[in-house]
Structure formats: C-alpha cells, structure tokens
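The values are calculated or read from the model by the stated rules, or taken from the named source; none is laboratory data. Small disclaimer: the values here were computed from a predicted structure and weren't measured. Quick reminder, even Gly has a Cβ in these numbers, built from the backbone with ideal geometry, and neighbours come from all protein chains shown.
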Amino acid sequence: MAMGTSAIGDGEPITEMNTTPLIDVLLVLLIMFIITLPLMTHSTSLQVARQGGAQIPQVVYVDIDFDGVMLWNGALVRDFAQLESFLRQEAGKVNQADLEVRPDGSAAYDTVARVLALAQRSGMKRIGLASATD
C-alpha cells in the first residue's frame, strides 16, 4: 500500500506511482533468467562417424538359469572354468563383442556376481546386465 505525503482525507489524488507490481514482475523475470541461463550456455559436442556405414557390434549372450545353469549363446557351459576360457577367447579378439549377461529372475546372486567378476577379469570391455527373455 502506497502512502503519499498528503493525507488521504484532503481530497487530492495521490500522484505517486505504485511500483510494487513492477518490482514483482522484475523479480520474477530475474529469477527466470537465473534459472534458464545455465541451460542456454550448456553445449554438447557430438562426433559423428564419417565412414560409409557404422558397424553394429556383435553381442554374446550369457544366460543364467534359476538353478545356476549357464548358456553361452544358447550352448550349455559346464562350469566356470569353461566360461572363463570362452570369455578370454572373446576378450582376445580385435573387435571384441559386447557381453550381455541375462540372469533369470530367481537366479542366485552369487552366481551372477561370479559371472560378472569373471568377465571383468578376463578383459571384457563392454559388459551389460539385462533380464532374460523367454
């Protein structure tokens, strides 16, 4: 509420401008500018391959059943030693395939953790964890 120097009862109009709405609008604009400024200055550099066609990486699937049975691209794996030899062979390739571990929903955590640790120790660079599809 703006109060002038003259008394309200004098009958003269108040000649001072009420600046409260103007200041409110300016403060809202200032806050919006402060919030949007980091978004306007952020930039992302993107490198696009210039080759004719992009190669889609191969994917190797390791399925783990609820009872601990492991499958390497659908083929039965006898034990962890055989799985480790498969992983080392794949890790030694120049164009290493992506490894996707797909445990069953009721598979033992210990088995899944052991497979992931084996994959990392074997030198696999791209390891993914996904849900098994039926």
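Pick from segment 75-129 the residues that are in a loop (DSSP other than H, G, I, E, B) and touching a Pro at 6+ places or on another chain (Cβ under 9 Å): which of them is farthest from residue 56 (Cα to Cα)?
126
Please go through segment 83-108 and pick out each residue that is among the charged types (D, E, K, R), more than 25 Å from the chain's Cα centre (by Cα) and buried (at least 17 other Cβ atoms within 10 Å of the Cβ).
Hit for segment 83-108 is 90, nothing else.
Select from segment 61-76 the residues that are within 17 Å of residue 110 (Cα to Cα) and either in contact with a Leu (Cβ under 7 Å, 6 or more places away or on another chain) or without any contact (Cβ under 8 Å) to a residue 40 or more places away in the chain (or both) and list them in ascending order.
Within segment 61-76, 62, 63, 67, 69, 70, 71 meet the criteria.
Conditions tested, residue by residue: (1) at pLDDT below 90; (2) surrounded by 10 or more Cβ atoms within 10 Å (Cβ to Cβ); (3) farther than 30 Å from residue 121 by Cα; (4) in contact with a Gly (Cβ under 9 Å, 6 or more places away or on another chain).
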{"position": "5", "(1), (2), (3), (4)": "yes, no, yes, no"}
{"position": "8", "(1), (2), (3), (4)": "yes, no, yes, no"}
{"position": "24", "(1), (2), (3), (4)": "no, yes, yes, no"}
{"position": "28", "(1), (2), (3), (4)": "no, yes, yes, no"}
{"position": "42", "(1), (2), (3), (4)": "yes, no, yes, no"}
{"position": "62", "(1), (2), (3), (4)": "no, yes, no, no"}
